[in-house]
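Visitor: I'd like to ask you about the structure that follows.
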Amino acid sequence: MIGKNLESNIFDYIYKKLSLERYNHTIYVYNFAKKLAMHYSENIYNVQIAALLHDCAKDMSLKESKRYILDKNIKIKYFDFLSLYAPQVLHSYIAADIAKNKFKITNIEILNAIKNHTVGRVNMSNCEKIIFVADSLSPDRKFKIRFISKKKLLSNLDEAFKLVLQNKINYVVSKFQVLHPDIIDIWNYYNK
Ligand SMILES: [Fe+2]
Ligand SMILES: [Fe+2]
């Protein structure tokens, strides 16, 4: 399944699986990520597919998510810790599995962009950064998005990414929530 066929199948799937609010968020990320991909001369198709699927598992309950991960034997670093203290990140691993096994996507850039859209990782590709940034700047976010100017967003993807990462970490800390154990390494990687 490739091209428009794949895209329309994914549209059908997420329309069925997601709440209207989440579906609208996904469409926003899809359009925004496409603009960034065009602007930064990245592969538009990869970015669009990743955007469409990035939150496809987010409306699963925690119980369903844990069941899915155990049934499919998905290996997640810090799984027990994350299940307990940061269960909101689990959907990205499940979504990457759905992309790979349900939609037969093998492109590693797409799979990584889905898998790493919540926490990030060291050495991210531009496709991953675009999804990370577009997802975080969606207007339905609880945290304020005014920390980044349009000029900055469109002049330097790496700087934009770092600002978004900083804002995410600040948000988690401000709410006295638990940080992902790898976040210091990720932060240091991009700031040393
Ligand atoms: Fe997400
Ligand atoms: Fe999202």
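Visitor: State whether one or more residues within segment 50-69 are over 17 Å from residue 18 (Cβ atoms), in contact (Cβ under 8 Å) with a residue 12 or more places away in the chain, away from ligand 2 (no atom under 16 Å from the Cβ) and of a type in the set (D, E, K, R).
Guide: Yes: segment 50-69 contains one or more residues that are over 17 Å from residue 18 (Cβ atoms), in contact (Cβ under 8 Å) with a residue 12 or more places away in the chain, away from ligand 2 (no atom under 16 Å from the Cβ) and of a type in the set (D, E, K, R).
Visitor: Here is a follow-up. Do we have residue 40 as farther than 21 Å from residue 89 by Cα and either surrounded by fewer than 16 Cβ atoms within 10 Å (Cβ to Cβ) or not β-branched (Val, Ile, Thr) (or both) here?
Guide: Answer is yes for this residue.
Visitor: When the residues of segment 72-89 are narrowed to those that are surrounded by 14 or more Cβ atoms within 10 Å (Cβ to Cβ), among the hydrophobic types (A, V, I, L, M, F, W, C) and not in a loop (DSSP other than H, G, I, E, B), which ends up nearest to ligand 1 (Cβ to nearest atom)?
Guide: Looking at residues that are surrounded by 14 or more Cβ atoms within 10 Å (Cβ to Cβ), among the hydrophobic types (A, V, I, L, M, F, W, C) and not in a loop (DSSP other than H, G, I, E, B), I get 89.
Visitor: Now for a separate question. So, in segment 1-54, exactly how many residues are aliphatic (A, V, I, L, M), assigned to a loop (DSSP other than H, G, I, E, B) and away from ligand 1 (no atom under 16 Å from the Cβ)? Reasoning before the result, please.
Guide: In the first step, residues of segment 1-54 are kept if they are aliphatic (A, V, I, L, M); the result is 1-2, 6, 10, 14, 18, 20, 27, 29, 33, 36-38, 44, 47, 49-53.
Filter once more, keeping what is assigned to a loop (DSSP other than H, G, I, E, B): 1-2, 18.
Cutting the leftovers down to away from ligand 1 (no atom under 16 Å from the Cβ) gives us 1-2.
Summing the residues that are aliphatic (A, V, I, L, M), assigned to a loop (DSSP other than H, G, I, E, B) and away from ligand 1 (no atom under 16 Å from the Cβ) in segment 1-54 gives 2.
Visitor: Being out of contact with any His (no Cβ under 8 Å at 6 or more places or on another chain), assigned to a loop (DSSP other than H, G, I, E, B) and within 24 Å of residue 132 (Cβ to Cβ) is the filter here; which residues of segment 57-71 pass it?
Guide: Here is the first cut: in segment 57-71, the ones out of contact with any His (no Cβ under 8 Å at 6 or more places or on another chain) are 59, 61-64, 66-71.
Now restrict to residues that are assigned to a loop (DSSP other than H, G, I, E, B): 59, 61.
Result: 59, single match.
Each reported figure results from applying straightforward, stated rules to the coordinates on display, with no laboratory input. Only a predicted model underlies this, so the values are computations on that prediction, with no experimental measurement involved. Glycine also receives a Cβ, built like all others from the backbone with ideal geometry; neighbour counts cover every protein chain displayed.
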